[in-house]
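Shown next, in C-alpha cells, is the structure this report addresses.
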Amino acid sequence: MKRIFLSLAIVLLLTSVLNISQSAAQGLKLPAASSKQVITQDLGISQITLTYARPNVNGRKIFGGLEQYGNVWRTGANGATTLSFSGDVIINGKTLPAGTYGLFTIPDKNEWTVILNKNSEQWGAYEYKQADDVLRFTVKPEKTATKVETFTISFPAVTTTTAKLSIAWENTAISFDIKVDQDAEIMASIDQAMQGDKKPYLAAAQYYLNNNKDLDKALYWADEAVKANPELPYPYYWKAQIQLKKGDKAGAKASATLGKQVAEKAKSDEYIRLNDQVLEKAK
C-alpha cells in the first residue's frame, strides 16, 4: 500500500512538472498557489537563509486533517523547506556545521518533532529518509492568539547570539532557538584588526562593552575614537556609556556633556537625546 501511494505521488509530481513545462513553453504566466518566500537573517557575524512555500488554510482543517498527526511533513508546500547556515550553529544543544538542511516536522496534538535532514533537495517529503537526519528534537505546540491564514515561518526575536525561529499556521505555532558561539572568532578578528593601520577603535570598544569584556581596554579605545573624530558626537556617547558601566558617573557626565555640545553643533537630534539620557543616568 505504501508503495502504491509513493508511485501515485511520483505520477502526480511528474504530471505537475509536465504541466509547468508546457505552460512555460506557451509563455503562460500564472500565480503560484503557494507563494515562495526567502528570508535572509543575520545572526552574529553569520547569516541564516530560509526558503519555503506558503500555503493558505482556505477553509480547511489543517493539523489533524490535511496534515495528519504523526506523519513527516515538508513544513510548507512544494519543495522541502530549507535552512542554510553560513557558519556553525547550535540547535537544541547540538552543533551543526555550516551548510543547507531540509527542515521537516512531525506535527502531533501535544508534541511536535522538529527534524533537520541533510537531503535538502527533494520535493515534499516523498523521498525523506530518517537515516539522513542530522538532528531531531521535540517541542510543545501553542495555540495562536488569532488564526494564521497563510503558513508563516519567521524570526520574531533576534540577538547577537540567538535567533528564535517560529512556525505558525491555522491556530498552532511552535518555536525553537538557533544559537551561535562566535566570541573566539570575533575576539581574534579584533586582535588582528588592531594590528592594521586603520584600527576599529569604536567598534571594538562597543563589542567589549556589550559583551562584558575588559572595560579599561574598551575605555582606552573609546578615547582614541574621540581623539580621531572630535567633531562626531557618537564616540563621546559610547565613551560615556563605558564610563557609566565602570561606575565613573563624573567621567560619564563630562563625556556626555561634550558629546551633547558636539551633537548640537552637528544638529544631530539623535545624539542630543542619547547624551541627555546618559546625563540623566549620571546624576
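Any read-out appearing in this document is the output of simple, stated calculations on the displayed coordinates, not a laboratory observation. Nothing here was measured: the structure is a model prediction, and the numbers come from that model. Virtual Cβ from ideal backbone geometry, glycine too; neighbours counted across all protein chains shown.
Quick check for me: using +1 on Lys/Arg Cβ and -1 on Asp/Glu Cβ, what's the dipole size of the range 166-231 about its Cα centre, in debye to the nearest 20?
For this selection, approximately 140 debye.
Run the numbers on the chain and let me know its relative contact order in percent, using alpha-carbon pairs under 8 Å that are six or more apart.
10
Do the alpha carbons of any pairs in Lys164/Lys213; Lys118/Lys213; Lys118/Lys164 sit beyond 30 Å of each other, and which pairs?
In this structure, Lys118/Lys213 exceed 30 Å between Cα atoms.
Scan (1) 22.1, 74; (2) 18.3, 53; (3) 25.8, 79 for the value of Rg and Dmax of the Cα atoms in Å calculated from this model and give just the label.
(3)
Using only DSSP helix segments of four residues or longer, with each worth -39500 (n - 2.57), what per-residue ellipticity at 222 nm results for the chain after dividing by its residue count and rounding to 500?
Helices in the chain give a 222 nm mean residue ellipticity of -12000 deg cm²/dmol.
Taking a ≥ b ≥ c as the square roots of the eigenvalues of the Cα gyration tensor of the range 187-241, is the shape rounded (a/c under 1.5), prolate (a/b larger than b/c) or oblate?
Oblate, since a/c reaches 1.5 and b/c is not below a/b.
Where the only charges are on Cβ atoms (+1 Lys, Arg; -1 Asp, Glu), what is the dipole of the chain about its Cα centre, to the nearest 20 debye?
Charge dipole, the chain, about its Cα centre: 620 debye, nearest 20.
Using only Cα atoms, find the angle between the long axis of helix 269-281 and the longest principal axis of the chain, and express it within 0 to 90 degrees, rounded to the nearest 10.
70
With angles folded into 0 to 90 degrees, how steeply does helix 234-246 sit against the dominant principal axis of the chain? Use alpha carbons for both and round to 10.
Between the helix axis and the principal axis of the chain, the angle is about 90 degrees.
Ignoring GluC sites (Glu not before Pro) that are buried or in helix or strand per DSSP, and keeping those with at most 10 other beta carbon atoms within 10 Å, what is the longest stretch of the chain between them?
Answer - 1-120.
Would you please give the FRET efficiency between Thr113 and Asn211, computed as 1/(1 + (r/R0)^6) with r the Cβ-Cβ distance and R0 = 45 Å, to the nearest 0.05?
FRET efficiency, Thr113 to Asn211: 0.85.
Under the definition of Cα pairs under 8 Å and six or more residues apart, what whole-number percent is the relative contact order of the range 218-283?
Result for the range 218-283 is 31 percent.
Could you compute the net charge surrounding Lys94? Neighbours are other residues with a C-beta less than 11 Å from the C-beta of Lys94; K and R count +1, D and E count -1.
+1
Given a Förster radius of 30 Å and the C-beta distance between Arg136 and Leu30 as r, what FRET efficiency does 1/(1 + (r/R0)^6) yield to the nearest 0.05?
The pair Arg136/Leu30 has a calculated efficiency of 0.20.
Give me the net charge for the shell around Asn117: Cβ to Cβ below 12 angstrom, other residues only, Lys and Arg +1, Asp and Glu -1.
In short, 0.
Under 16 Å between alpha carbons, and skipping anything fewer than 8 positions from Lys143 in its own chain: which lysines qualify?
Lys61, Lys109
Among Thr257, Thr95, Thr49, which one moves the most in a GNM of the chain with springs linking Cα atoms closer than 10 Å?
Looking only at Thr257, Thr95, Thr49, the biggest GNM fluctuation is shown by Thr257.
Among Lys198/Lys283; Lys94/Lys246; Lys36/Lys147; Lys227/Lys265; Lys94/Lys245, which pairs are too far apart, with a Cα-Cα distance over 27 Å?
Check vs 27 Å cut-off fails for Lys198/Lys283; Lys94/Lys246; Lys94/Lys245.
Relative to the longest principal Cα axis of the chain, at what angle does helix 215-228 sit, 0 to 90 degrees, rounded to 10?
The answer is roughly 70 degrees.
Roughly how many nanometres apart are two label points built 7 Å out from the Cα toward the Cβ at Ala254 and Ile45?
3.4
Based on the Cβ-Cβ distance from Glu264 to Ser166, what FRET efficiency comes out when R0 is 45 Å, to the nearest 0.05?
Using R0 = 45 Å, I get an efficiency of 0.55.
Which of the trypsin sites (Lys or Arg not before Pro) found in the range 44-88 are loop residues per DSSP with 15 or fewer other Cβ atoms within 10 Å of their Cβ?
Arg60, Lys61
How charged is the neighbourhood of Lys260? Take every other residue with its Cβ under 15 Å from the Cβ of Lys260, and add Lys/Arg as +1 and Asp/Glu as -1.
Summing Lys/Arg as +1 and Asp/Glu as -1 gives +1.
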